[in-house]
Amino acid sequence: EVQLVESGGGLVQPGGSLRLSCVASGFTVTTKYMRWARQAPGKGLEWVSFISSGGATYYADSVKGRFTISRDNSRNTLSLQMNSLRAEDTAVYYCARDLAVADAQGYGMDVWGQGTTVTVSS
Amino acid sequence: DIQLTQSPSFLSASVGDRVTITCRASQAISSYVAWYQQKPGKAPKLLIYAASTLQSGVPSRFSGSGSRTEFSLTISSLQPEDFATYYCQQLNSYPQMTFGQGTKVEI
């Protein structure tokens, strides 16, 4: 079964750091385009970070320079290192797999994790 | 940046109703538009991609259409399990993407 399971969320003070993990099953993360998205309480969805199968990374302007996306091939895991956290980073964070159609991209995300909650507060 | 505006933001409907949600882009985009359904406390679920292609396993009562700056999601006969929030998404500037603000469909 294709599945994503996130972990690592919690309460952190402003300026602190947190590392989120997303374990994949049923497929290999290094062969897919993967990303992190988030949803602040009562708000809509926001794309956060992306990594291609070749390792190219992209970040939303709101997190650029503070967040780092990476993969652990041995554990089939996607990670998000979050530094210099701010109150506005408070959200449920989802990892997701980009849908590929005939080896082409740009069709949305077809597999999502259940989400992990990050709260930034003193 | 391309902005997406969904309308309405809130929709009250009954079981069996035909429902249409519109998503307008701030500039002309290709057909790289997706639609998602999200229920409270759950992750979004992909319904439609490439503006009009039904994702595998999604009921045929869901359909998508549109081009350039105006796209729509239609539910032909609303079912009890369809009450949720719906989001459009543009991937014209892939891998960057943006979402609409959401449309909540309630009884």
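Answer yes or no: is there a residue in region B:16-25 that is in contact with a Phe, Trp or Tyr (Cβ under 6 Å, 6 or more places away or on another chain) and either surrounded by 15 or more Cβ atoms within 10 Å (Cβ to Cβ) or part of a loop (DSSP other than H, G, I, E, B) (or both).
Yes: one or more hits.
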Of the residues A:47, A:36, which single one is within 12 Å of the chain's Cα centre (by Cα), closer than 26 Å to residue B:103 by Cβ and in contact (Cβ under 8 Å) with a residue 24 or more places away in the chain? A:36
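Given the residues A:62, A:74, which is the only one that is more than 14 Å from every other protein chain (Cβ to nearest Cβ) and small (Gly, Ala, Ser)?
Numbers: A:62 fails: more than 14 Å from every other protein chain (Cβ to nearest Cβ).
Only one candidate qualifies: A:74.
Given the residues B:77, B:93, which is the only one that is modelled with pLDDT under 95, open to solvent by 10 Å² or more (accessible area, probe 1.4 Å) and hydroxyl-bearing (Ser, Thr, Tyr)? Outline the logic, then answer.
Numbers: B:77 fails: modelled with pLDDT under 95.
On inspection, the qualifying residue turns out to be B:93.
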Top-ranked residue of region B:28-40 - restricted to ones that are at pLDDT below 95 and more than 8 Å from chain A (Cβ to nearest Cβ), ranked as nearest to residue A:100 (Cα to Cα): B:31
Could you say whether any residue in region A:44-56 is in contact with a strand residue (DSSP E or B) (Cβ under 7 Å, 6 or more places away or on another chain), open to solvent by 20 Å² or more (accessible area, probe 1.4 Å), within 14 Å of another protein chain (Cβ to nearest Cβ) and assigned to a loop (DSSP other than H, G, I, E, B)? yes
Within region A:80-122, residues being touching a Pro at 6+ places or on another chain (Cβ under 9 Å) and under 30 Å from residue B:31 (Cβ atoms) number 9
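Does residue A:77 qualify as being of a type in the set (Val, Ile, Thr) and in contact with a Pro (Cβ under 9 Å, 6 or more places away or on another chain)?
Values: of a type in the set (Val, Ile, Thr): yes; in contact with a Pro (Cβ under 9 Å, 6 or more places away or on another chain): no.
It is false that residue A:77 is of a type in the set (Val, Ile, Thr) and in contact with a Pro (Cβ under 9 Å, 6 or more places away or on another chain).
With in a strand (DSSP E or B) and either within 14 Å of chain B (Cβ to nearest Cβ) or open to solvent by 20 Å² or more (accessible area, probe 1.4 Å) (or both) as the only criterion, which of A:92, A:118 stands out?
Values: A:118 fails: either within 14 Å of chain B (Cβ to nearest Cβ) or open to solvent by 20 Å² or more (accessible area, probe 1.4 Å) (or both).
Exactly one residue qualifies, and that residue is A:92.
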Residues of region A:70-89 that turn out to be under 21 Å from residue A:5 (Cβ atoms) and open to solvent by 10 Å² or more (accessible area, probe 1.4 Å), as a count: 8
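For region B:42-104, list the strands (runs of 3 or more DSSP E) that sit wholly inside it and hold at least 1 residues that are away from every other protein chain (no Cβ under 14 Å); which are they? Steps first, answer last, please.
On the way: elements: B:45-49, B:62-75, B:85-90.
Counting at least 1 such residues, we get B:62-75.
The values are calculated or read from the model by the stated rules, or taken from the named source; none is laboratory data. Note that the coordinates shown come from a computational prediction; the quantities given were computed from them, not determined experimentally. Backbone-built Cβ (ideal geometry, glycine too); neighbour counts: all protein chains shown. The protein model used for the area step is the full one, side chains on, heavy atoms only, and it has no ligands, DNA or RNA in it. Shrake-Rupley method; radii C 1.70, N 1.55, O 1.52, S 1.80 Å.
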